[in-house]
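Q: Quick one: this structure, given as structure tokens, is what I'll be asking you about.
FYI, it's all coordinate maths here, none of it is from the lab. All values derive from a computational prediction rather than experimental measurement. Neighbour counts run over all protein chains shown; Cβ positions are idealised from the backbone, glycine included.
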Amino acid sequence: MDTQITKETPAKAAKEQRYLRPRYEVDTSQDEYFVRVYLPGVKKEAVDITLDNDDLLILGHRSSVVQDGWKTIYRELPDADYRLKLQLNVHIDGSRIGAKVEDGILTVTLPVAEEAKPRQISVN
Amino acid sequence: MTLIKYDNYYNDPFSELDRLLEFSFNPRNRLTRFFQETGSRDFRLDIYADDDNTYVIAELPGIQKKDLDIQLHNSVLTITAERKQKKGDTESSFRAKREVTLSDDVRPEKVEARFEDGLLKVTLPKREERKPKAITIN
């Protein structure tokens, strides 16, 4: 009986978790890609970035500014956390990924892996 | 070469479900979503109140303090955000403005604004005479 209950709880919690897909932009330079994700209300510590093969997963946990005793008058801001999953087309050097959060925008720097860079082949 | 293989909602089954649910059952978001999808750059805001203050919270990611203009005129709060970005030869600009009508009991000289993590928080204190008062019986 006990084991059944402990098994059920995490699954149920995961189901109830709702996510919001943030807006994002992609920019490129010589051998890097920049993904800018709009995450208003998310602190630096609350961002979680995972690269699994070619899947880039970004999770942002929103910290509430609403204090106890505040009465809601009008609401538009969602409370759901942010989740963005992108399937990358380019092979990325996972060890050199950089990220920074500034004014509610997360910028992820994705350096192209050596083997994916264009190569000049000389004809003998 | 593009970075992202293809970006559709099949990558992210949760998000499409959420979008549909939100759109169908949450009339609150219907209008803002409509404007977002038609390309107009509006921003979302919340209004809260307690006994002492009214609070306005707005989502403004990527905006800097100097690009924000907050005006209070006859109990109408106007938030304007403007940004110009230059990258090489291209220049992009962004401008968004929202007006909120608040009750007339705000003390304009005491209004405070803070900006953190892309969230703007404006605190508008209420007038003393409008605050709830406990009445003692003699």
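Q: How big is D for segment B:42-130, in µm² s⁻¹ as a whole number, if Stokes-Einstein is applied with the Kirkwood radius of its Cα pairs at 4 °C and 1.567 mPa s?
A: The Stokes-Einstein estimate is 93 µm²/s.
Q: While we're here: Projected onto the charge dipole of chain A (+1 at Lys/Arg Cβ, -1 at Asp/Glu Cβ, origin at the Cα centre), which of A:GLN120, A:GLY41, A:GLN30 gives the Cα projection farthest towards the positive end?
A: Looking along the dipole axis, the top candidate is A:GLY41.
Q: Ok, one more. Nearest 20 debye, what's the magnitude of the dipole of segment A:17-124 about its Cα centre given +1 on Lys and Arg Cβ and -1 on Asp and Glu Cβ? Mind showing how you got there, number by number?
A: Values: 15 positive and 18 negative charges, 81 e Å.
It comes to approximately 380 debye.
Q: Summing +1 for each Lys or Arg and -1 for each Asp or Glu, what net charge is found among the other residues whose Cβ lies under 14 Å from the Cβ of A:ASN53?
A: Once positives and negatives cancel, what remains is -2.
Q: Using +1 at the Cβ of each Lys and Arg and -1 at the Cβ of each Asp and Glu in segment B:64-134, identify which of B:PRO132, B:PHE115, B:ILE70 lies farthest towards the dipole's positive end.
A: B:PRO132
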